[in-house]
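Visitor: Can you read through this structure? Questions will come right after.
The values are calculated or read from the model by the stated rules, or taken from the named source; none is laboratory data. It should be emphasised that the depicted structure is a prediction, and the values quoted were computed from it without experimental measurement. When we count neighbours, we look across all protein chains shown, and the Cβ atoms used for this are built from the backbone with ideal geometry, even at glycine.
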Amino acid sequence: MTLNIDSKINEIKGIGERQTSLFEKLNIFTVKDLVFHIPFRYQDTSSVISIQEFKELGKGTFLAKIDDVKTTYFRKKITTVKVSDENESLRLTFFNQPYLQKVFVKDDIYIFDAKISEKGSKKNIYNPKFEQFKYDPNNQTHLGKLIGIYPETSGLSSRTIRSRIKTVEENIEDFLIDPLNTKQISELEIDTLSTAIRNIHFPKDQNDVDKAKERLSFDEMLKVAIRIEKENLKREKQKAKAMNIKSKDINKFIKNLPYKLTNDQNKALEEILEDTSKVKPMNRLLNGDVGSGKTVVAAITILNTIKNGYSCILLAPTTVLAKQHQNTFDKLFEDTDIKVELCISSNKNISSYDNKLIIGTHAILFEKTLPKDLNLVVIDEQHRFGVEQREYFKQKNGYTPHYLTMTATPIPRSLTEIFFGGLDVSEIKEKPSNRQDIKTYYTPALKRDSCFEWVKGKIVESKFENQAFIIYPLIEESEKLASKSIMTEIEYLKKKFKGLNVEYLHGRLKEKEKNSLLEKFRNKEIHILISTTVIEVGIDIPDATIMVIEDADRFGLAQLHQLRGRVGRSAKESFCFVIPNENVEKDSPAEKRLKYFAQHNSGFEVSEYDLQSRGPGEVYGLKQSGIPLFKVADIHDTKMLSKARKFAKKLLKEDNSIENILENLFR
Ligand code: ADP
Ligand code: MG
C-alpha cells in the first residue's frame with residue numbers, strides 16, 4: 001500500500017501502536033500532520049572536532065571508532081562503549097538501553113554529540129547522541145549537520161520524530177500539493193512547498209532553513225491576507241450614507257466640554273469625520289491608551305451622525321459598562337435633543353423612534369428591530385467582539401453603517417496589522433493635560449503589610465475623599481494554583497482596614513448586586529473595593545486614586561495597565577502598587593516584567609514589551625482574540641504580511657483558484 005498525505009501515521013514504517021498514541025499527543029494523526037510538524041529550533045553539529053578537543057571543551061560533536069561494548073545488569077542496565085580516534089580514547093555510558101549492545105559493532109565509525117558531566121573529580125559522558133557515520137552529510141539524519149529540534153512529548157524525542165519524517169521524505173514531492181503554481185512561485189521568488197518542507201526538516205545549511213521558513217511564513221500570512229482582502233473587497237461594494245460635517249453643532253458641543261481636547265483627540269476626530277463624509281463605510285480602529293478620552297471622540301462622532309438625521313449604536317462589552325455609558329452620554333448630551341436608549345438583556349425594548357443613540361451589549365445584536373436609519377456603529381473596548389458580528393448590522397435597504405472600533409488597551413502596531421488588517425487606525429497616545437502619571441511601585445511581597453498601612457493612612461488623611469481598589473486574580477482559593485484569592489484574604493483585609501468600609505465585588509455576583517456595589521463605591525459609601533478583574537475594563541470612578549494588585553505576576557502587562565487605568569482618571573495624584581506572589585524569585589522574568597511596568601506609564605510601551613517577551617498567545621489569549629497562531633511566521637513581520645496582501649489582492653481580482661489555494665495552504 002502506498003502512502004498518501006492523508007494516510008494515518010501508523011501506516012508509516014516503524015510507527016507502532018504505542019508510538020501512534022504518543023504522536024497523537026502532539027496532535028499528529030496523519031502524514032500531513034507529521035511533515036508539518038516544524039522544528040522550533042536547530043542545532044548545528046556540522047563542525048566535528050577531535051576527541052582531544054572534545055575533552056578540552058567538555059562538549060561537542062566528534063567522530064570515533066567503536067572499540068568495545070559491554071552491558072552490565074546490576075540494578076541499572078548500563079552499557080559502556082569504548083571509542084577512539086587516532087590519538088585519544090573515551091568511555092561512553094548509556095543507561096537502560098541494553099539493545100545498544102547489538103547496535104554498536106566493533107570498528108564501525110560513529111558520530112557522537114555529547115557533554116562531559118563532572119562530579120567531583122569524576123568525569124562521565126552519559127547518553128550521548130549518536131549516528132553511524134555515512135561519509136556524506138547529506139546522508140546523515142541526526143548528526144554532522146544542522147538538525148531540527150522538534151516540540152516533543154515524553155517518550156517521543158526529536159530523534160524519533162526526525163527518523164519518522166525521514167522515512168517519508170522521499171515521497172514528499174509526490175504527495176504534497178503546492179497551493180501555488182509554478183508561475184506564481186517564480187514571481188514570488190520563494191521555494192516550492194515540497195522544497196520548503198524538505199529543507200525545514202533536513203537543511204544542508206542555515207540558508208536552506210531561512211528560505212524554507214520564508215515560504216512557510218508566506219503561506220501562513222497568505223491565509224490571513226486573503227481574509228483581510230476579501231473583507232476589503234466586500235466593503236468596497238458596500239455603501240453607507242455619506243454625512244456632512246455639522247461644524248456648528250460640533251463646535252458648540254466642544255466649547256461646552258469642561259476641558260480642551262488633546263491634539264490626538266482632535267486628529268482622530270478629523271480622520272473619523274473625513275471617513276464618514278464618504279459613501280464607502282468607515283472601518284476605523286481608535287487605538288488609544290487607557291484614560292486617553294476615547295469616549296468623547298465617539299460622542300462627537302455620534303452627535304454628528306444624529307445631526308445628519310441618522311441613528312447610532314454603541315456596543316459595550318458588559319452590562320455594567322453599558323449602564324456607565326448611558327450615564328456618561330446622558331450627561332454629555334444634556335444640552336442637546338438627542339435621545340439615548342439602553343438595550344441590555346434585562347431591558348431589550350427599543351422604541352420605534354428614528355434618529356437616536358442606542359447603547360447596549362451584544363444582546364442587541366440579536367434584536368430584530370434595529371432602527372432603519374442606522375448609519376454608525378461604535379464598538380467600545382474591543383477584545384470580546386469578533387469581526388464577524390459586524391454582519392448583523394447590514395441593513396435591509398442595502399446600506400451598511402460606518403464602523404468605529406475602540407480598543408480596550410493599546411494594541412501594538414504590528415498586531416493591529418494582523419488582527420485588524422482591513423481597518424484604518426487612529427492612535428491616541430497623548431493623555432489629557434490635567435493628568436499626572438500614576439505613580440507605580442513594584443512592592444515586594446515582604447512589604448505588603450506596610451503597603452496596606454500606607455493605603456489606610458492615605459485614605460484617612462484625605463478625610464475619606466480618596467478611595468482604593470485591591471485586585472485579586474481569583475475569587476476563591478484554588479488547589480491548583482498557589483494564588484491569593486478574595487476569599488482567603490477578606491478577613492485579613494477587614495481587620496487591616498478596621499474603621500474603613502471594605503466590600504468586595506466579583507464576577508459571580510448578580511448583575512444587580514454588582515451595580516449597587518459600584519454605585520455605593522461611586523458615592524463613597526465604600527472606601528475600599530476589593531475585586532477580581534471584573535473591574536478591569538472601562539470603569540470610570542474619578543475619586544478612586546489607589547490601585548493595589550496582589551499576585552500581580554499572574555496578570556499580563558496589558559491587563560495590569562488596564563487595571564492601573566482605573567485610577568488616575570482625574571487631576572488627583574494617583575498610585576498603583578503591584579505586589580507579586582511570594583514565590584516570585586528575585587531577578588526572575590516575572591519580576592523584571594513587573595519592574596518594567598512600574599517604570600513605564602504608556603500603555604503602548606507596556607503592551608509592546610509584553611508582546612516581545614511573552615508572545616501574543618500569552619498576552620492576548622489567541623483563542624479568544626482571533627489572532628492567528630503562527631507556527632513559522634513572525635507576527636511582527638509586517639513586510640511579509642504586505643507581500644502576502646499584495647498577492648492576495650491580485651489573486652482575488654484575477655484568479656479563481658483561490659478556494660483551491662486556501663484549501664491547500666499550510667494550516
Ligand atoms: P478611555 O479612553 O479609557 O475610554 P475615557 O473616554 O473614559 O477614557 O476618558 C477618561 C476620563 O477623561 C473621562 O472622565 C473624561 O471625561 C476625561 N477626559 C476626556 N478627554 C479629556 C481631555 N481632553 N481633558 C481632560 N479630561 C478628559
Ligand atoms: Mg473607555
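Visitor: Based on this model, can you work out whether TYR110 counts as assigned to a loop (DSSP other than H, G, I, E, B), aromatic (Phe, Trp, Tyr) and over 24 Å from SER21 (Cβ atoms)? Before the answer, list the steps.
Guide: Details: assigned to a loop (DSSP other than H, G, I, E, B): no; aromatic (Phe, Trp, Tyr): yes; over 24 Å from SER21 (Cβ atoms): yes.
So TYR110 does not fit the description; no.
Visitor: For LEU233, all conditions in the list (1) in a helix (DSSP H, G or I); (2) in contact with a strand residue (DSSP E or B) (Cβ under 7 Å, 6 or more places away or on another chain); (3) modelled with pLDDT under 95 hold save one; what is the number of the exception?
Guide: Condition not satisfied by LEU233: (2).
Visitor: Let me ask something else about it. Looking at this structure, is GLY309 of a type outside the set (D, E, K, R) and on the phi > 0 side of the Ramachandran plot? Walk me through it before giving the result.
Guide: On the way: of a type outside the set (D, E, K, R): yes; on the phi > 0 side of the Ramachandran plot: yes.
For GLY309, the condition - of a type outside the set (D, E, K, R) and on the phi > 0 side of the Ramachandran plot - is met.
Visitor: Report yes if ASN375 is at pLDDT 85 or above and either in the same structural domain as ASN349 (by TED's automatic domain parsing) or away from ligand 2 (no atom under 16 Å from the Cβ) (or both), otherwise no. Break it down into steps so the answer makes sense when it comes.
Guide: On the way: at pLDDT 85 or above: yes; either in the same structural domain as ASN349 (by TED's automatic domain parsing) or away from ligand 2 (no atom under 16 Å from the Cβ) (or both): yes.
Judged against the criteria, ASN375 is a match.
Visitor: Right, next: Looking only at region 185-207, count every residue that is surrounded by fewer than 20 Cβ atoms within 10 Å (Cβ to Cβ), in contact (Cβ under 8 Å) with a residue 12 or more places away in the chain and in a helix (DSSP H, G or I) and tell me the total.
Guide: 4
Visitor: Another question, then. Among the listed residues VAL455, VAL502, which satisfies the condition of being without any contact (Cβ under 8 Å) to a residue 60 or more places away in the chain, more than 16 Å from ligand 1 (Cβ to nearest atom) and more than 25 Å from the chain's Cα centre (by Cα)?
Guide: Values: VAL455 fails: without any contact (Cβ under 8 Å) to a residue 60 or more places away in the chain.
From the options VAL455, VAL502, the qualifying one is VAL502.
Visitor: Residues of region 554-570 being more than 9 Å from ligand 1 (Cβ to nearest atom), touching a Pro at 6+ places or on another chain (Cβ under 8 Å) and assigned to a loop (DSSP other than H, G, I, E, B), which ones?
Guide: PHE555
Visitor: Let me ask something else. Hey, any hits in region 515-537 for a residue that's within 16 Å of ligand 2 (Cβ to nearest atom) and of a type in the set (Asp, Glu)?
Guide: Among the residues of region 515-537, at least one is within 16 Å of ligand 2 (Cβ to nearest atom) and of a type in the set (Asp, Glu), which makes the answer yes.
Visitor: Please work out if ASN263 is within 13 Å of ligand 1 (Cβ to nearest atom) and either over 25 Å from ASP335 (Cβ atoms) or in contact with a Ser or Thr (Cβ under 7 Å, 6 or more places away or on another chain) (or both). Outline the logic, then answer.
Guide: Working: within 13 Å of ligand 1 (Cβ to nearest atom): yes; either over 25 Å from ASP335 (Cβ atoms) or in contact with a Ser or Thr (Cβ under 7 Å, 6 or more places away or on another chain) (or both): yes.
Yes.
Visitor: So the check is Cβ under 7 Å with 6+ separation or different chains; which pairs have a first residue in region 276-295 that's under 14 Å from GLU381 (Cβ atoms) and assigned by TED's automatic domain parsing to the domain that holds LEU376 and a second one that's hydrophobic (A, V, I, L, M, F, W, C) and away from ligand 2 (no atom under 12 Å from the Cβ)?
Guide: Taking only residues 6 or more apart or on different chains, the pairs are LEU285/PHE420; LEU285/LEU423; LEU285/VAL425; LEU286/ALA268; LEU286/LEU404; ASN287/ILE411; ASN287/VAL425; ASP289/PHE604.
Visitor: State which residue is farthest from the chain's Cα centre (by Cα) when the search covers only region 528-554 and only residues that are over 19 Å from GLY603 (Cα atoms) and surrounded by 21 or more Cβ atoms within 10 Å (Cβ to Cβ).
Guide: The extreme case among them is ILE528.
Visitor: Return yes or no: is VAL297 in contact with a strand residue (DSSP E or B) (Cβ under 8 Å, 6 or more places away or on another chain), within 13 Å of ligand 1 (Cβ to nearest atom) and among the hydrophobic types (A, V, I, L, M, F, W, C)?
Guide: Working: in contact with a strand residue (DSSP E or B) (Cβ under 8 Å, 6 or more places away or on another chain): yes; within 13 Å of ligand 1 (Cβ to nearest atom): yes; among the hydrophobic types (A, V, I, L, M, F, W, C): yes.
Taking the combined requirement at face value, the residue satisfies it.
Visitor: Going by the conditions given, is LYS55 part of a loop (DSSP other than H, G, I, E, B), in contact (Cβ under 8 Å) with a residue 60 or more places away in the chain and either in the same structural domain as ARG164 (by TED's automatic domain parsing) or surrounded by fewer than 18 Cβ atoms within 10 Å (Cβ to Cβ) (or both)? I'd like the intermediate steps shown before the answer.
Guide: On the way: part of a loop (DSSP other than H, G, I, E, B): no; in contact (Cβ under 8 Å) with a residue 60 or more places away in the chain: yes; either in the same structural domain as ARG164 (by TED's automatic domain parsing) or surrounded by fewer than 18 Cβ atoms within 10 Å (Cβ to Cβ) (or both): yes.
No; evaluated as a whole, the condition is false for this residue.
Visitor: Is at least one residue of region 413-422 crowded, with 17+ Cβ neighbours inside 10 Å, touching a strand residue (DSSP E or B) at 6+ places or on another chain (Cβ under 8 Å) and not assigned by TED's automatic domain parsing to the domain that holds ILE306?
Guide: Looking through region 413-422, none of the residues is crowded, with 17+ Cβ neighbours inside 10 Å, touching a strand residue (DSSP E or B) at 6+ places or on another chain (Cβ under 8 Å) and not assigned by TED's automatic domain parsing to the domain that holds ILE306.
Visitor: Working only within region 159-174, note down all residues that are without any contact (Cβ under 8 Å) to a residue 40 or more places away in the chain and either more than 17 Å from LYS32 (Cβ to Cβ) or in a helix (DSSP H, G or I) (or both). Steps first, please.
Guide: We begin by selecting, within region 159-174, every residue without any contact (Cβ under 8 Å) to a residue 40 or more places away in the chain; these are 159, 162, 166, 169-170, 173-174.
Once the filter is applied, which keeps residues that are without any contact (Cβ under 8 Å) to a residue 40 or more places away in the chain and either more than 17 Å from LYS32 (Cβ to Cβ) or in a helix (DSSP H, G or I) (or both), region 159-174 yields ARG159, ARG162, LYS166, GLU169, GLU173, ASP174.
Visitor: Please enumerate the residues belonging to region 519-541 that are within 15 Å of ligand 1 (Cβ to nearest atom), within 21 Å of SER485 (Cβ to Cβ) and in a helix (DSSP H, G or I).
Guide: Hit for region 519-541 is ILE535, nothing else.
Visitor: Given the options ILE177, ILE228, name the one that is over 24 Å from CYS312 (Cα atoms), at pLDDT below 90 and assigned to a loop (DSSP other than H, G, I, E, B). It would help to see each step written out before you state the result.
Guide: Values: ILE228 fails: assigned to a loop (DSSP other than H, G, I, E, B).
Testing whether each residue is over 24 Å from CYS312 (Cα atoms), at pLDDT below 90 and assigned to a loop (DSSP other than H, G, I, E, B) leaves just ILE177.
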